[in-house]
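Since the structure comes first, as C-alpha cells, the remarks are kept for the end.
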Amino acid sequence: MSEWIDVGAVDDVPTLGSRVVQAPGGDIAVFKAADGTLFALRDRCPHKGGPLSQGMVHGHSVTCPLHNWVISLKTGEAQGADHGCAHKIPLRVEGGRILLAASTLLARAA
Amino acid sequence: MPKKLVVIGNGMAAGRVLEEFFERAPRPYEATIFGAEPRVNYNRIMLSPVLSGEKAYEDILIHDDAWYETNGITLHRGKQVVQIDREAKRVTAADGTTADYDKLLIATGSVPFVVPIPGVNLPGVVTYRDLDDVNTMLAVARMGGRAVVIGGGLLGLEAAAGLKAQGMDVTVLHLMPTLMERQLDPSAGYLLQREMEERGIAVRCRANTHAVLGETHVTGVKLDDGTELPADVVVMAVGIRPNATLAKEAGLETNRGVLVGDDMRTSDPDVFSVGECVEHRGICYGLVAPLYEMAKVVAAQLSGDGKAVYTGSVTATKLKVTGIDLFSAGDFNEAKDGQDIVLRDVARGIYKRIVLKENRIVGAVLYGETADGSWFFDLMRKEADVSAMRDTLIFGQSYGGGSSLDPAATVAALPNDAEICGCNGVCKGKIVQTINDKGLSTLADVRAHTKASASCGTCTGLVEQVMALTLGDRFSRAATEPMCGCTDLGHDEVRRLIRAAGLKSIPAVMQELGWKTSCGCAKCRPALNYYLLCDWPEEYEDDGRSRYINERIHANIQKDGTYSVVPRMWGGLTNPRELRAIADVAEKYDIPTVKVTGGQRIDLLGVRKEDLPAVWADLNEAGMVSGHAYAKGLRTVKTCVGTEWCRFGTQDSTGLGVRIERFMWGSWTPAKVKMGVSGCPRNCAEATCKDVGVICVDSGFEIHFAGAAGLHIKGTQLLCKVAGEDECLEVIVALTQLYREQGHYLERMYKWADRVGVDAIRAIVVEDREKRRALFERFEISQRKAQIDPWAERAAGRDAHEFDPMANFSLAEAAE
Ligand SMILES: Cc1cc2nc3c(=O)[nH]c(=O)nc-3n(C[C@H](O)[C@H](O)[C@H](O)COP(=O)(O)OP(=O)(O)OC[C@H]3O[C@@H](n4cnc5c(N)ncnc54)[C@H](O)[C@@H]3O)c2cc1C
Ligand code: SF4
Ligand code: SF4
Ligand code: FES
C-alpha cells in the first residue's frame, strides 16, 4: 500500500474553512487558510475535545468552537497561555489533490 | 553531416532555447522548427499592450525572418505537428510535411481551459492565448458594445483592461470572492477590484457562469443566480492546461504535463521538452521566467553538457495593466508557519505583506507601490536571513529611518462631507472649520459648538481624531480600547468609519482602516461581519467564514460535538401537528434528549451534524423554521396567556408576542435578544428580566428594556408607556434597531444602555417621532433579506460542505 492516501481535492476545502475526514482513530480536520495553505489535525481540541473543524480559521490558527482556545494549524499546539497539542497529520498536495500520510490516517488511536 | 534537431512549437520557450543554443559554438545540430501559428516568434506576454493599443504587433517581435536565415533554421510556419514517430525518429505535420530528427524538442506551450457550459462554442466566445485571439477581440471592439470576461486572474484582467481601453463596456466575472486569489490575498484583491471599478470595469466576484446565451452568435451570459448580462463578446480566461496531447500520443510519460527530469529530458532520452507544456517535479509553470531557466538547461544539454540541471523556479507575478502596480511572489502554499509583516498606507492605497518563515522571505504581495518587489524577490530566491532588518524590512530597501505610518491617516483621508456624528448629522468639514474659526481646543467646546458626539457619544473617538488632526500637538486624545490586536481603533470608531467611508466588505474595512494583520482574527472578523450586515443590509453578502460555528451551521454545538436544534414556536405557542413532527424527528434520528427550554420551546439535543439538514427538512415540512437559539439575534418572545384565558389579563399578550416575534425573527443583533410580554403586572412571562419586556395594563402597554438574567441579573428599566399595539411594536423595533446600529459586537442590550444612557435612547426612540420612524424603516429593510429561513436553505443544499465529511476511512484497516 502506498504511503499517502488521497482524501479529496484541494478545491473541496473552502478557504478559511475546513472539511472532516473520518478515520479509524477519530475524525481528522483538514483546514485551508486564507493564503491557500492546507493543514490537517486530529479533530479534537487538546482542552476538552472540541471539534476544531468547526472553529474559525484565521492566519495559520484555528479558534476552537467550544471555549476559544487558539490552536496553531502548523504544529497543533495551543497558543498563548494555554497548553496542549492537537495531533498533527502529515499532509501533501499533489496535482490539486490532498494526500494524508497513510500511517497516521489509518492508525487506530491517535 | 550535422545531426538534426527538430522543434515542435515556435513559442517563447522554443525561441529562447534556440537563442541560447546558437550562442554556444560549435553548433552540433541543424535546426528545423514547426509552429502552428502562421508567423515568427513574438513576445506573447506583450499581447495585452497590443490589445489595449499601446503597442503594435511589429513592436513585440522576438525573431524576424532574417534571424532564422542567419542561423540556418528551417521554419515551417502555420504547420501543426500531428504525429511523432519515435521508432523512425520522424515528425509529421497536418499538411504532410515531415522531418527526421536525432534530437526532438517539444515546446507546445499550453491551451486555454474552456469551462464546459452550454453555448461556449458560439461565435463570439474567444480565448486569450495568441495573436489571432487578439485580432478577433480587436475586430469586435472596433464596433463598441459589451464584453464579458470570465475569469478574474492575470489574463482575464489584462483582457478586460485592454477591451476597456478599446472603448467597450466590460464586466469581469470571477468565481472566487476576490480577484487573482492565487497570487493575491483578500486585501490586495480588494484594492485591485476597487481600482478596476474606478476605471469603469464592472467586477462581479462569486459569479458562477451557468451558460453562454445566443442563437447564432453570443448575445450574453447567464449566471447561476439567474442574472443575465448582455455581451457581444465573451472572453474565456479561466486558466490554462499544459498542451501534452501530442507527447502523450507518442507514448511519452505525461501527467498534467509532459514529464521531464532535471536534465529536461522526457522518458525518451532523445526527446526534450520545455516550456508550459512540461511538468517538472510536480509543477507546471505559467510564466516566462521559469521557461527561460529551463531553456538554458536544454541548450546546455544539447550542446553536450550532461551536467546541466534545472531544479525548479521561484516565481513572481506582475499585472501588466498600465497604472496598476501589483507584485506577488512566492508560493503562499509553501508559506506554512509563516509570520506576516503587514503595512497598509491608507491614504495612498498601499498594501504590502511579507511572509517570513525561519527568518527567510517565502512570499510577498505588494500593491500600489512595487518598487521593492525585485529586492524582496531577490532576498527570497537567495533565501537570505533577514532577521537583522526584520523591523524595517517592509519599508523597503531604501528605508532610512524616520517617520512612516500615520495612525490618523484614515481620518485624514475622509472627505469633508463624511458624516462623523450620526445623531446630529455633523460632518468632518464642519468640525474642522468650527475648531479653526472659534479656536476650540477641548472636546467639551467642540461638543458645545458643533453638537458632534453630544448625543449618544459613540462617535467621541472619531471626533477626537478629527481634533487631533486639526490641532496637531495641541491636542492629546484619550486612548480608546481597541477592538482587538489587529487595530488601534475601538468599536465605535470602526462602526462610524464603516458608514462615513462607505466600506462594504471585510477586506475594504481592513485596508481602509489600516488593519495590522492580513486577514483579522477570531475577535474582529465576526464583529466586522455583523457591522457590515447591519449597515449595508441590501448589499453586503454575509461571510460565513467570519461567524462562530453555531451561526454558521444554524444549530448549537454541544460538548461532544453534536448539535441541538430548537424550532421556533411563535410566542411559545405550538400545536399537535408540530408536536407530532418533533416526536417523529426525535425517533427517526435517534435524538437522545428532548427538553423544554426556558424560552417556551422544545430543544432536541444530541443531533449528529450529518443529520442536521434532514432534521430541518422534516421540521420545515411541518411548517416550522429555525428558532435562532444559536444566534446573536432575536431568540424568543415569551408570553403569558393574557386576555385569551387568564382572569387577570388586561390585553392580548399572546397575540402581541406572536406579532412581535413574526415581525422581528431572523434579525441579527450585536448579542442575543430575548423578549417577553406579560398580560398584567403579575408578570408570568418574566418580562422584566428580558432585553425587552412588555407589561400590559388596562390603559395600554409599558415597554421595559435592558434587563438580563444570565451571568448578571438585572431588572429592566421603564422606557415608556404607549396606548396601542401598533405603537408598541414601532417603539420596540426602533429600540432594537438603535441597539443594532450602536451596540458593540457581543455587548448585551443592558450594557449598551449603560454606556449610552437611557435618556439618550429615550430621546430618540420615544420622543423623536421622525427618528423613531426612520429606525423602524431601516429595520424593515434589513428584514427583507434576514427573514429567509436558514434551515430551509440548508435543507435545500446550501453550504453542503459544512455537513458532509470529505472522505470516510473510518472502517479502513491499517497496513501492517
Ligand atoms: C496574454 C498573455 C499575457 C501573459 N503575460 C505574462 C506575463 O506578464 N508574465 C509572464 O511571465 N508570463 C506571461 N504570460 C505567459 C507566457 O506568455 C507563457 O508562459 C509563455 O509564452 C510560454 O511559452 P511556451 O513556449 O511554453 O508556450 P507558447 O509561447 O504558448 O508557445 C507554444 C507554441 O507552440 C505552438 N504549438 C502548439 N502545439 C503545436 C503543434 N502540435 N505543432 C506546432 N506548433 C504547436 C503554439 O501555437 C504556440 O505558438 C502571458 C500569456 C498570455 C497569453
Ligand atoms: S401575567 Fe397576568 S395576565 Fe398573564 S398569565 Fe400572569 S396573571 Fe395572567
Ligand atoms: S447554564 Fe451553563 S451549563 Fe447550563 S446550559 Fe447554560 S451554559 Fe450550559
Ligand atoms: S475544547 Fe477547545 S477550547 Fe475547550
Residues B:Glu587 and B:Phe648, FRET efficiency given R0 of 56 Å [Cβ-Cβ distance, rounded to 0.05]: 0.90
Antiparallel %, DSSP beta bridges [both residues in chain B], to 5: 60 percent
Cβ neighbours within 10 Å from other chains - mean over A:88-101: 1
Residue order, fewest to most surrounding Cβ atoms within 10 angstrom, among B:Ser782, B:Ser518, A:Ser103: A:Ser103, B:Ser782, B:Ser518
Those lysines that a straight Cα-Cα span of less than 18 Å connects to B:Lys451, excepting residues fewer than 8 apart in one chain: B:Lys428, B:Lys430, B:Lys438, B:Lys771
Among the listed pairs B:Lys3/B:Lys79; B:Lys318/B:Lys523; B:Lys559/B:Lys751; B:Lys79/B:Lys222, those beyond 31 Å (Cα-Cα): B:Lys318/B:Lys523; B:Lys79/B:Lys222
Cα gyration tensor, the stretch B:491-547 - rounded (a/c under 1.5), prolate or oblate: oblate
Span from the the stretch B:620-652 Cα centroid across to the the stretch B:174-230 one, whole angstrom: 44 Å
FRET efficiency, B:Glu770 to B:Glu541 (Cβ-Cβ, R0 41 Å, nearest 0.05): 0.85
Antiparallel DSSP beta bridges within the stretch B:125-238, as percent of all bridges there, nearest 5: 30 percent
Label point distance in nm, B:Glu87-B:Arg662, each placed 7 Å from Cα along Cα→Cβ: 8.3 nm
Estimated FRET transfer efficiency (B:Asn359, B:Leu579; beta-carbon r; R0 45 Å; 0.05): 0.10
Out-of-range pairs (alpha-carbon distance over 22 Å; input B:Lys672/B:Lys714; B:Lys609/B:Lys638; B:Lys320/B:Lys352; B:Lys638/B:Lys721): B:Lys609/B:Lys638
Most to least packed among B:764-777, B:248-261 [average Cβ atoms within 10 Å]: B:248-261, B:764-777
Ranked list, fewest to most other Cβ atoms within 10 Å of each Cβ, for A:Asp6, B:Asp611: A:Asp6, B:Asp611
Shielding by partners - mean other protein chain Cβ count within 10 Å, residues of A:15-28: 6
Listed peptides B:12-19, A:24-31 by packing density, highest first (mean Cβ within 10 Å): B:12-19, A:24-31
Pairwise centroid distance, computed over Cα atoms, of the stretch B:1-76 with the stretch B:83-113, Å: 16 Å
For the stretch A:34-57 versus the stretch B:269-287, the gap between their alpha-carbon centres in whole angstrom: 36 Å
Spatially proximal lysines relative to B:Lys4 (Cα-Cα < 17 Å; intrachain offsets below 8 disregarded): B:Lys89, B:Lys103
Relative contact order for the stretch A:4-106, counting Cα pairs under 8 Å that sit 6 or more residues apart, in percent: 27 percent
Qualifying trypsin sites (Lys or Arg not before Pro) in the stretch B:129-171, DSSP loop, other Cβ atoms within 10 Å at most 12: B:Arg142
Length gained when the stretch B:Lys595-B:Asn121 is fully extended (0.36 nm per residue, less Cα-Cα span): 164.8 nm
Gain in span if fully extended, B:Ala289 to B:Ala94, counting 0.36 nm per residue against the direct Cα distance: 67.1 nm
Label-to-label distance, nm, for residues given as B:Ala763 and A:Val93 (7 Å Cα→Cβ offset): 5.5 nm
Gain in span if fully extended, B:Arg39 to B:Met389, counting 0.36 nm per residue against the direct Cα distance: 121.0 nm
Expected 222 nm ellipticity per residue - DSSP helices of 4 or more, -39500 (n - 2.57), all of the protein assembly as shown, to 500: -8000 deg cm²/dmol
Within the stretch B:534-575: backbone nitrogen closer than 17 Å to the B:Arg784 label point (7 Å, Cα to C-beta): B:534-542
Shielding by partners, peptide B:521-527 (average Cβ within 10 angstrom, other chains): 4
Which of B:Val758, B:Val411, B:Val386, A:Val13 has the fewest Cβ neighbours within 10 Å, and the rest in rising order: B:Val758, B:Val386, A:Val13, B:Val411
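Coordinate-derived values only; no laboratory data. As the structure is a prediction and not an experimental result, all values here were calculated from the model. A quick note on method: Cβ atoms are made from the backbone with ideal geometry, for glycine too, and the neighbour counts reach across all protein chains shown.
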